[in-house]
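These notes are about the structure you will find just below.
Read-outs throughout are calculated quantities, based only on the coordinates presented, and are distinct from any laboratory measurement. All of these numbers come straight from a predicted model, not from anything done at the bench. Note that each Cβ is placed from the backbone with ideal geometry, even for glycine, and that neighbours are counted across all protein chains shown.
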Amino acid sequence: MNTFQNIIIRNPEIMAGKPIIKGTRITVEIILKKLSEGISIENLLEIYPQLTNNQVFASLEYASNIIANEDLLEVS
């Protein structure tokens, strides 16, 4: 079982069904966005004190899993 499956949830009634950290309204999208902007994990945890290292890494694992399982379309 993947680590993220116990941490990342999707509920159509919370944040329009975007994947979030269970028990929060923090989306995987915002975690990835902040990291892509160059914010360190330590700073991210300061901005969102309810987050843990494990949840941040679960978000990365979730995103990696989505990309690994996407279908590639050939463009001509």
(request) Please give the helix 53-68 orientation as an angle from the longest Cα principal axis of the chain, in degrees from 0 to 90, rounded to the nearest 10. (result) 10 degrees
(message) Is there a quick way to get the dipole size of the stretch 26-76? I mean about its Cα centre, with the Cβ of Lys and Arg at +1 and of Asp and Glu at -1; what is the value in debye to the nearest 20?
(response) 200 debye
(message) On a full-extension model of 0.36 nm per residue, what is the gain between E29 and V75, subtracting their alpha-carbon distance, rounded to one decimal in nm?
(response) 13.9 nm
(message) So if I take the alpha carbon set of the chain, get Rg, then get Rh from the Kirkwood formula, what is the Rg over Rh ratio?
(response) 1.02
(request) Be a star and scan the stretch 31-58 for residues whose amide nitrogen sits under 11 Å from the point 7 Å along the Cα-to-Cβ vector of I66. (result) 31-33
(request) Quick one: among I26, I66, I41, which has the greatest mean-square fluctuation in a GNM of the chain with alpha-carbon springs under 10 angstrom? (result) I66
(message) As an exercise, find the ratio Rg/Rh for the stretch 17-61 from alpha-carbon atoms, using the Kirkwood inverse-distance average for Rh.
(response) 0.91
(message) Under 10 Å, Cα contacts only: if you run a Gaussian network model on the chain, which one of E42, E13, E29 comes out with the highest mean-square fluctuation?
(response) E13
